[in-house]
Structure formats: structure tokens, C-alpha cells
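Here the structure is laid out as C-alpha cells; the discussion comes afterwards.
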């Protein structure tokens, strides 16, 4: 099964970095430059996992997360929040709203983010296979 990553991020440099490392690792990658576009792409692309930036124009990452978690078709997709701000209130808010992880962009190289994504996806696929623990 193909693993699909949707990156919702308004910084073109970050998008290019993440796109490069995830594509190199064999993932299918789609990008969205803002929250509204991200929600549209979720419907058409049906990602395995979403990387979601907190600070974006139009609709911020927490608002996008709310919409994803309120929808039966998208609420089970693991969401990793990306942010530039360390120790902000957003981290706790995002986790309480259902994000699986919170990553401060400046503290991790894109390859580290790929590693975290792999672990999360592995955990999710294990959970969805009946009888395997």
C-alpha cells in the first residue's frame, strides 16, 4: 500500500525541503499552501498522514485540525503539527484536539521528521491489523 503524506505549510522553503526528503524515502507527497487548500486536498488525495503547520494565513493549523477531527472520513488520519514557536500553548492545544505529535521545525532536520513519521505510521498500521500486537 502506498503511503501518502500531505504537507499543509505556507513556507515554500519548508515545503521543498519536506517534499524532497519524503519523496526520496518513497512516499507520495502532496502539498497545500494554506488550510483551505489543505482540506480540499485531504478529500481528493486521502493521505496516510498529514503534516500541518500551525501559523498560516486564512485558516490556521488548529482550525484545520478541528475540521479534520470533526469529519468522520478524516478524523482517523494522524496529524503532526509543525511550528516555529517553542513552548507555546499551541502544543498542548493541538494534542488535546487530537494531533499525534508536535514538532518545532527549528529543532529537527527534515530527515528526523521523516523518521518520526515512519514510527507513527508503523504504529498506526500495527493497530489496524487485527490480532497483531
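A compact table of results
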{"item": "Test for residue 68: is it assigned to a helix (DSSP H, G or I), closer than 17 Å to residue 5 by Cα and free of Cβ contacts under 8 Å to residues at least 60 places away in the same chain", "result": "yes"}
{"item": "Hey, residue 8 modelled with pLDDT under 95, more than 21 Å from residue 125 (Cα to Cα) and touching a strand residue (DSSP E or B) at 6+ places or on another chain (Cβ under 7 Å) or not", "result": "no"}
{"item": "Filter result for the condition that a residue is surrounded by fewer than 20 Cβ atoms within 10 Å (Cβ to Cβ), on the phi > 0 side of the Ramachandran plot and in contact with a helix residue (DSSP H, G or I) (Cβ under 9 Å, 6 or more places away or on another chain), over 20, 58, 67, 4", "result": "58"}
{"item": "Any hit, the range 12-32, residues being under 19 Å from residue 85 (Cβ atoms) and part of a loop (DSSP other than H, G, I, E, B)", "result": "no"}
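The values are calculated or read from the model by the stated rules, or taken from the named source; none is laboratory data. Computed from a predicted structure; not experimentally measured. Every residue, glycine among them, receives a Cβ derived from its backbone with ideal geometry; neighbour counts consider all protein chains shown.
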